[in-house]
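Here's the structure we're looking at; comments come further down.
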Amino acid sequence: MSNYHIKNFEEYFQVYRKSVRNPASFWEEVAEEHFTWQKRWDNVLSWDFTKPEIKWFEGAKLNITENCIDRHLWSKGDKTAILFEPNDPNEPAEKITYRELHTRVCKFANVLKSRGIKKGDRVCIYLPMIPELAVSVLACARIGAVHSVVFAGFSSTALSTRIVDCDAKMVLTSDGSYRGSKTIDLKGIVDEALEDCPGVESVLVAKRIDSEINMKEGRDEWLQPLLDEADSECEIEIMDAEDPLFILYTSGSTGMPKGMLHTTAGYMVYTAYTFKNVFQYREDDIYWCTADIGWITGHSYIVYGPLANGATTVMFEGVPSYPDFGRFWEIVEKHKINQFYTAPTAVRALAKHGTELVEKYDLSSLKVLGSVGEPINEEAWHWYNDNVGKKKCPIVDTWWQTETGGIMITPIPFSTPTKPTYATLPFIGIQPALMDENGEEIHGNQVDGRLCIKHPWPSMARTIWGNHQRYKDTYFSAYENKYFTGDGALRDEVGYYRITGRVDDVIIVSGHNLGTAPIEDAINEHNAVAESAIVGFPHDVKGNALCGYITLKDTGESRDHTNVSKEVNQLITDRIGPIAKLDKIYFVSGLPKTRSGKIMRRILRKISAHEYNQLGDTSTLLDPTVVDEIKELVKADA
Ligand code: PRX
């Protein structure tokens, strides 16, 4: 059991040094001691960042669900694996034990098989945060099907793009979903999406809200009757270490979303090991991550990481504001939550409502607080620390990405002294580097640069589904022999890292990655729009919000700007989803462009943040006068 649970700062340094001195032997030891293998690996690691090709535990055979479920049955079959807390506080919570989870996953896996799903087939999952979501993810993994979960807040167009890209044969969904006091017609969205997805053969529908929906003959079936009939035992499919486990889409700065492909063994080892250490999970703890399983945080730290450790993981269907802004704290008290992991945007939204609702509940069970998805600003950090953690719970500000599969830079609670707004130190095995504009590594402390990783870690994505060249270009071409994260970071005087934000055209809104290009494409579909540019600007709850600068076509007639604004936001909602709506829209006569025609988003970013003195030299622009016009418009609106 060496090295599995890091207990103090000194031990962190010891283990860290060992892990980077010889990464292969370090991870081999972790893999050997803490997981069940059908066959041992022949080679721990082979890698070549120029191709790029990364293989961990090659030759090993395993099934991740055997590790997440079966092996716990003997020792903790009656322990709660998943604790489901519904949207409506009056609906009772559901405790699914490891034994019940085993049965449900097996039944679901048998249903998938009976509908023709085999190893390697892609299954798109578009479900709300109900137990069927976790169960179906595990059922796919059990039979070797590749799951691709699409967050159930995405629009039908976004859904169909993803289904077509990964060529999914089956879609799993529900009649609808609850979101606070509202319901959402998920099946209607799926029906619309599937008009453009000829490859989808079957749709299985879970019943959640009991709404009237359309069932297409020969394609759609209700899930429950099939589950009722299914056998409750399903043999695991024996997978190779590098067999695909899932595809999860994330926005790029340009074009199509990227289907990040994660494989089996390395992902399992790393998510399990990080979960145990970053949250200092102990046997009887109740752990809650508020993310949606539609994002990587949910994959790694609601499903796979916790279950691989035999933990109790909470799944919450609702929203932090329903029935009031005390809901999170009510749940913490009710289930005596020990580790609570959320996003800064949620902390800021709750902080806005004062401390009365936090003080109303007993939060004394809490031991560790986590933050993920975007930089946590100082004010939010202190609010979280003072009012939720009562200054007794370390805050782990965890930096990582869909691409990295697991947490990369983070404090280890009760070991690493925390510092507000700093993700602090690299996790075990992670070798960060800061790079300058000339491609040179910046050594020493009190420096800033672009954040890269120098050596492979087990849970890194192996490719972009169907586009290995793009994988290489995006992550391995900017700096030689390094993985480029797309983030900027600074290293302080003691070597702590602080993530300063994206250095590309990705904007993080409420913790969600949004690329500017697809939003601009959606806006440009409007028949009155000539051109548009999107930038992010600071927002007190969302972290960043979106601001659009739009030029209209010169048709001789005048257009009502309020209407165009509404229509533009509707287009964005239809094409991407409501998360990508613009908070501000300015109609301008031209966009700041270089002489070669490139839109200078940097200038728009500065103006949107009211940093008028930091625009730099604008005299080389194609038409410098538009900058003054835009400045005046934004100032007048402030
Ligand atoms: O910019 C960083 C930001 O979120 C990006 C990754 O987004 P996504 O793939 O959706 O994964 C989010 C959940 C892991 C990063 O490139 N980010 C994530 N965590 C932090 C962060 N920025 C600052 N601090 C963090 N703790």
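The values are calculated or read from the model by the stated rules, or taken from the named source; none is laboratory data. Note that this is a predicted model, so its numbers are computed, not measured. Every residue, glycine as well, gets a Cβ built from its backbone with ideal geometry; the counts of neighbours run over all protein chains shown. Quick note on the areas: whole protein, heavy atoms, side chains included, nothing else; ligands and nucleic acids left out. Shrake-Rupley method; radii C 1.70, N 1.55, O 1.52, S 1.80 Å.
Looking at the range 609-616, is at least one residue touching a strand residue (DSSP E or B) at 6+ places or on another chain (Cβ under 7 Å), in contact (Cβ under 8 Å) with a residue 24 or more places away in the chain and surrounded by 18 or more Cβ atoms within 10 Å (Cβ to Cβ)?
Taking every residue of the range 609-616 in turn, none turns out to be touching a strand residue (DSSP E or B) at 6+ places or on another chain (Cβ under 7 Å), in contact (Cβ under 8 Å) with a residue 24 or more places away in the chain and surrounded by 18 or more Cβ atoms within 10 Å (Cβ to Cβ).
Conditions: (1) buried (at least 24 other Cβ atoms within 10 Å of the Cβ); (2) within 15 Å of the ligand (Cβ to nearest atom); (3) closer than 30 Å to Y249 by Cβ. I412 meets all but one. Number of the miss?
I412 satisfies every listed condition except (3).
Go through the range 472-499 and report how many residues are open to solvent by 20 Å² or more (accessible area, probe 1.4 Å) and farther than 29 Å from D48 by Cα.
Of the residues in that region, 2 qualify.
Look through S46, S19 and report the one residue that is open to solvent by less than 50 Å² (accessible area, probe 1.4 Å), outside any helix (DSSP H, G or I) and within 24 Å of A461 (Cβ to Cβ).
Going through S46, S19 in turn, just one is open to solvent by less than 50 Å² (accessible area, probe 1.4 Å), outside any helix (DSSP H, G or I) and within 24 Å of A461 (Cβ to Cβ): S46.
Taking the criterion of being in a loop (DSSP other than H, G, I, E, B) and over 30 Å from H335 (Cβ atoms), would at least one residue in the range 79-101 satisfy it?
no
Taking into account only those residues within the range 115-131 that are touching a helix residue (DSSP H, G or I) at 6+ places or on another chain (Cβ under 7 Å) and outside any loop (DSSP other than H, G, I, E, B), which is most open to solvent (accessible area, probe 1.4 Å)?
Out of the qualifying residues, it is R122.
So A193 ticks every box in (1) touching a Ser or Thr at 6+ places or on another chain (Cβ under 7 Å); (2) surrounded by fewer than 17 Cβ atoms within 10 Å (Cβ to Cβ) but one. Which box is left unticked?
(2)
Condition (residue is buried (at least 21 other Cβ atoms within 10 Å of the Cβ), in contact with a Phe, Trp or Tyr (Cβ under 8 Å, 6 or more places away or on another chain) and assigned to a helix (DSSP H, G or I)) applied to the range 315-323: is it met by at least one residue?
The answer is no, given that none of the residues of the range 315-323 is buried (at least 21 other Cβ atoms within 10 Å of the Cβ), in contact with a Phe, Trp or Tyr (Cβ under 8 Å, 6 or more places away or on another chain) and assigned to a helix (DSSP H, G or I).
Sort out which residues of the range 219-236 are open to solvent by less than 80 Å² (accessible area, probe 1.4 Å) and either among the aliphatic types (A, V, I, L, M) or over 27 Å from G199 (Cβ atoms) (or both), and write them in order of number.
L223, L226, L227, A230, S232, I236
Residues checked against (1) closer than 18 Å to E525 by Cα; (2) of a type outside the set (D, E, K, R); (3) part of a loop (DSSP other than H, G, I, E, B):
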position: S558; (1), (2), (3): no, yes, yes
position: N563; (1), (2), (3): yes, yes, no
position: S589; (1), (2), (3): no, yes, yes
position: S619; (1), (2), (3): no, yes, yes
position: L622; (1), (2), (3): no, yes, yes
position: V626; (1), (2), (3): no, yes, no
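Residues of the range 394-409 being under 21 Å from N338 (Cβ atoms) and either at pLDDT below 95 or buried (at least 21 other Cβ atoms within 10 Å of the Cβ) (or both), which ones?
Within the range 394-409, I395, V396, D397, T398, G406, I407 qualify.
Does the range 298-314 hold any residues that are out of contact with any Gly (no Cβ under 7 Å at 6 or more places or on another chain) and either part of a strand (DSSP E or B) or within 16 Å of the ligand (Cβ to nearest atom) (or both), and which are they?
Answer for the range 298-314, where residues must be out of contact with any Gly (no Cβ under 7 Å at 6 or more places or on another chain) and either part of a strand (DSSP E or B) or within 16 Å of the ligand (Cβ to nearest atom) (or both): G298, H299, Y301, I302, V303, Y304, G305, P306, T312, T313, V314.
Determine if the range 424-447 includes at least one residue that is open to solvent by 20 Å² or more (accessible area, probe 1.4 Å) and within 16 Å of the ligand (Cβ to nearest atom).
For the range 424-447, residues open to solvent by 20 Å² or more (accessible area, probe 1.4 Å) and within 16 Å of the ligand (Cβ to nearest atom): absent.
For the range 352-362, what are the residues that are aliphatic (A, V, I, L, M) and surrounded by fewer than 21 Cβ atoms within 10 Å (Cβ to Cβ)?
Scanning the range 352-362 gives a single hit, L357.
Hydrophobic (A, V, I, L, M, F, W, C), touching a helix residue (DSSP H, G or I) at 6+ places or on another chain (Cβ under 6 Å) and on the phi < 0 side of the Ramachandran plot, is that true of I523?
yes
Quickly run through the range 534-549 and pick out the residues that are out of contact with any Gly (no Cβ under 9 Å at 6 or more places or on another chain) and open to solvent by 10 Å² or more (accessible area, probe 1.4 Å).
Hits for the range 534-549 are F537, P538, H539, D540, V541.
Just to verify a result, which residue in the range 597-622, among those that are in contact with a Ser or Thr (Cβ under 9 Å, 6 or more places away or on another chain) and not hydrophobic (A, V, I, L, M, F, W, C), is farthest from A545 (Cα to Cα)?
Here the answer is T620.
For the range 379-408, give me each residue that is under 22 Å from F275 (Cβ atoms) and aliphatic (A, V, I, L, M).
V388, I395, V396, I407, M408
Hey, could you check the range 502-556 for residues that are of a type in the set (S, T, N, Q) and in a loop (DSSP other than H, G, I, E, B) and say which is nearest to Q570 (Cα to Cα)?
Once the filter is applied, the top-ranked residue is N527.
Restricting attention to the range 511-533, and to residues there that are within 11 Å of the ligand (Cβ to nearest atom) and in contact with a strand residue (DSSP E or B) (Cβ under 8 Å, 6 or more places away or on another chain), which single residue is least open to solvent (accessible area, probe 1.4 Å)?
L514
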